[in-house]
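A short write-up of the structure that comes next.
The values are calculated or read from the model by the stated rules, or taken from the named source; none is laboratory data. Being a predicted model, the structure only gives us computed values, none of them experimental. Quick reminder, even Gly has a Cβ in these numbers, built from the backbone with ideal geometry, and neighbours come from all protein chains shown.
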Amino acid sequence: MASDTIALGIADPDARPIGERLHDWVVTVDHKKLGILYILYSLLMLVIGGVEATIMRIQLIVPHNHFVSPQVFNRMFTMHGTTMIFFVAMPILFGFGTYLIPLMIGTRDMAFPRLNAFSFWMTAFGGLLLYFSFIGGNGLYGAGNAPDVGWFAYAPLTSRAFSPGHSTDFWTLAILVSGIGSIGTAVNFITTILCMRCPGMTLGKMPLLAWLNLVTGGLVILAVSPLTAAQIMLSIDRFLGGHFFDTQAGGAAVLWMHFFWIFGHPEVYVLIIPCFAFASEIIPVFSRKPIFGYPVMVGATIAIGFISMSVWAHHMFTVGMSSYGNAFFTATTMVIAVPTGIKIFNWIGTMWGGKIQFKAPMLFCIGFLFQFLIAGLTGIMLGASPFNWQLGNSYFVVAHFHYVIVGGILFTVFGAFYYWFPKMSGRMYNEALAKWHFWLFLIGFHLTFDFMHIPGMLGMPRRIYTYEPGRGWDIWNLIVTVGVFFQAAGVLVFVANLLWSLWKGESAGNDPWDAWTLEWSTTSPPPDYNFATIPVVESRRPLWDIKHPEDPDWKYE
Amino acid sequence: MKPSEQTRSLGRKIAGIAVLLAGFLLAATLCFGSSPNGSQIPSIFKPQSTPADSIFRLSLLVLTITGLIFIIVFSLLVYSVVKFRKRGGDDGREPPQVYGSNQVELAWTVIPVLVVLVLFFATARVIHSIQDAPKPPGTIEVIAIGHQFWWEFRYPALGVVTANELHVPVSDSSNPSPTFITLLSADTDHSFWVPRLAGKTDLIPNRENHTWIDPHETGLYLGQCAQYCGTQHAKMLLRVYVDSREQFDQWVEDEKKPAVVNDQVGEGRRIFETTACLNCHAVSGTVADGHFGPDLTHLMSRATIASGAAPNTPEQLKIWIRNPDSIKPGSLMPAMKLNEKDLDALTAYLVTLR
């Protein structure tokens, strides 16, 4: 850091006026600043999406509740889903990728720093468009109106006849714009990983995080492109009188479903594969062992990537496909359980024989393993198409995918946050508060999402703003809502920890976890351009080789 | 972290997991155990019709296999977390560095492949048995049309049109009389779901879907729309009455008759036929032949109004006509803005439509 600041001729960069420092963040093309921007933006959106979820759960705490009107409830679930997928999960994972990939492959920035900045600001602008609908949704007609078509916005509900005003236009434009940002990021990830690895880092010696983000990048390009195309088609329908999805003029509602889910299912893997990457970095370090079966982990990820492109219609088992179609998508869906299972076994294999340290990042990863196991098993249930005819579109499916997205993705993201917070900020977080966060969130998560499976099996469909008493659903909905408050308390502790640690946290040093990948070889936070001299590596764990010259990894790889 | 803290936090973790598991078991017991008002709970685990029953049997197989997988993997996970935790008095040396094992990898690839094969073939059999089931001679044909936010049921062979409450005959195995339902939509996507009778099938505009049921026991079966269809998706409820053969034939006879003519309610009828009512509703034998709303010819033969949102009583009918939003905000029926006298007369007319 010192040499850089001297070169710039500034004694202390923090002494500059606040406006100038903020301006730096706006115009930056530095991957570390952009990564942090992505993460902070996503955390803000996470809180907003969480408030929307809380409003829904309060409404459903008892049958025939009048906390919000059906119109507001429908807007809440649309905004909650859209926000959490497109403006929390994707950007926070892109943020970690943007921050970590150059550091972990030993280079000074992304391949296309300006594209990187462009992608972030497109994503941020997409979120602004979506939320502007609250005040601008009905344009000149007066009161604002957020979209209320559901996050997968099935046709023909999105056509002019059923969605007058502009709220659906804001939704479709927000997805279109942020989708362009996502594709930009994916191109950047792939190029950076393929072209900018440091000397000695062959593909087989890349950290798993880089490998998994490479697969994610490929999936984003394949999955987000059809979604973007579909948004353009929907815009043509709404603005130019097209009839792609306008069933009243002969359009096809099912066509939209195919477009949406050929995005929507690979999207699940776009979100979970970077989380696999976090687990694959964190579990070895806190078990003090290398990842078990590195080549198999890479192979399983690539297999998941390919198979995930062929399972989309398992979201459409109830739309009246032929028995052959249903059988085909049952088969592909179940096959994907094999590579996913291999990954879980390999993580257990990594812990096996290790010396496990229960620091916050590891706790969140163990929570992830446990919950992802259950999510995978309920996924198999939903993949058996006749069982899906009962469970699909019920609260069971809502519980299942929240098990993936909260129990799997959000848990590992919290783990990753605590793991790399010292690197990003230069300060340690408070371990006691982090444990409070973990336990509160774990209890809240299980209260909410374990019990949410049950009303689904008792016939409660999703997306209903109220329900009839006497159907056996009341008690479960009450418990589910109570869990939300534990989760909210956990997130409050998390935010408090974040702020407290930034202000008062102990200095972290370069390598607080005694870890093995290249980001821990540089200062915390890393200087501009990361490495004074580009490192040269000989194995997957270059820092292990340095710390254990008597027993280096490259002898075994 | 000091060793004592380490043990304590581990103990808390195990205790936490135990509590969660106990909760889950308790939940499962309560969920599947008997309940005093069992017949009103639309549980997928109390099937009363062949498609629902085949799915139930498949679900038992799937739950058993996934349950076994859960127990095995969960035990491995807990064992490794407990057994390989860093203990107090650790010498600070790194554990043996193991990079992988091809034999182990092969085992945990091949075994899941075999499990998947078993599950797939069991599932494919059920898909075929439900979706490709032949129609026996005694089949009742119904067309269900989804509307925002109610159900239209037509029995083309019997000449009956009704709404929201589907009547079907009970089907016994010696003389099966299943009901095959053609699913259409007048506007947006909907989904027909009566969990105790069959899995759900969507109603999609410009598309013809099919489902079938053959209820084994008479009674009322509850369900509701299971595909988000707009503001009042939540109150697009669905009731299926499974009648004995005699009851069903009687019901068909009654439904085929034209509307009752009662001169005492002539004023109400005049209001019905001279306001916007007739744009959307039909009453056979009168000038009213609208199709946007439910057919009212035999309105009072139904137990509920507003697609199950309210009981069908004169008081509720009045509340509904005065302001539909008070029962079902966002429903497409407009408030008719009648004065109290006209409202009373109109309600008096409607309650004669038996």
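Tabulated values for the structure
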item: Candidates B:Thr286, B:Thr352, B:Thr347, filtered to the one that is in a loop (DSSP other than H, G, I, E, B) and under 32 Å from the mean Cα position of the chain (by Cα); result: B:Thr352
item: Residues satisfying the stated conditions in the range A:44-75, i.e. in contact (Cβ under 8 Å) with a residue 40 or more places away in the chain, in a helix (DSSP H, G or I), more than 25 Å from the chain's Cα centre (by Cα) and within 17 Å of B:Pro329 (Cβ to Cβ); result: A:Gln59, A:Pro70, A:Gln71
item: Residues of the range A:482-520 that turn out to be among the hydroxyl-bearing types (Ser, Thr, Tyr) and surrounded by fewer than 20 Cβ atoms within 10 Å (Cβ to Cβ), as a count; result: 1
item: Sole exception among (1) within 30 Å of B:Lys86 (Cα to Cα); (2) facing chain B (nearest Cβ under 9 Å); (3) under 23 Å from the mean Cα position of the chain (by Cα); (4) not acidic (Asp, Glu) for A:Val298, by number; result: (2)
item: Qualifying residues in the range A:229-250 (those that are of a type in the set (Gly, Ala, Ser) and surrounded by fewer than 21 Cβ atoms within 10 Å (Cβ to Cβ)) - the one farthest from the other protein chains (Cβ to nearest Cβ); result: A:Ala229
item: Condition check for B:Pro134: more than 17 Å from B:Arg302 (Cβ to Cβ) and away from every other protein chain (no Cβ under 14 Å); result: no
item: Residue count, the range A:444-469 (criterion: at the interface with chain B (Cβ under 7 Å from one of its Cβ atoms) and aliphatic (A, V, I, L, M)); result: 4
item: Yes/no for B:Glu105 being in a loop (DSSP other than H, G, I, E, B), at the interface with chain A (Cβ under 7 Å from one of its Cβ atoms), among the acidic types (Asp, Glu) and closer than 25 Å to A:Pro295 by Cβ; result: no
item: All positions within the range A:435-456 that are of a type in the set (Gly, Ala, Ser) and either within 14 Å of A:Phe368 (Cα to Cα) or surrounded by fewer than 24 Cβ atoms within 10 Å (Cβ to Cβ) (or both); result: A:Gly444
item: Wholly enclosed strands (runs of 3 or more DSSP E) of the range B:190-272 bearing at least 1 residues touching a Phe, Trp or Tyr at 6+ places or on another chain (Cβ under 7 Å), crowded, with 24+ Cβ neighbours inside 10 Å and more than 8 Å from every other protein chain (Cβ to nearest Cβ); result: B:190-194, B:198-203, B:209-213, B:237-243
item: The lone exception for A:His166 - which of (1) in contact (Cβ under 8 Å) with a residue 40 or more places away in the chain; (2) crowded, with 19+ Cβ neighbours inside 10 Å it fails; result: (1)
item: Hey, B:Glu165 within 14 Å of the chain's Cα centre (by Cα) and of a type in the set (D, E, K, R) or not; result: yes
item: Filter pass, B:Leu317 being modelled with pLDDT of 95 or more, assigned to a loop (DSSP other than H, G, I, E, B) and closer than 30 Å to A:Pro63 by Cα; result: no
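Residues are listed down the side, and each one gets a yes or a no for (1) closer than 30 Å to B:Arg239 by Cα; (2) without any contact (Cβ under 8 Å) to a residue 24 or more places away in the chain:
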| residue | (1), (2) |
| --- | --- |
| A:His437 | no, no |
| A:Met452 | yes, no |
| A:Pro455 | yes, no |
| A:Leu458 | yes, yes |
| A:Glu468 | yes, no |
| A:Arg471 | yes, yes |
| A:Ile479 | yes, no |
| A:Gly483 | no, no |
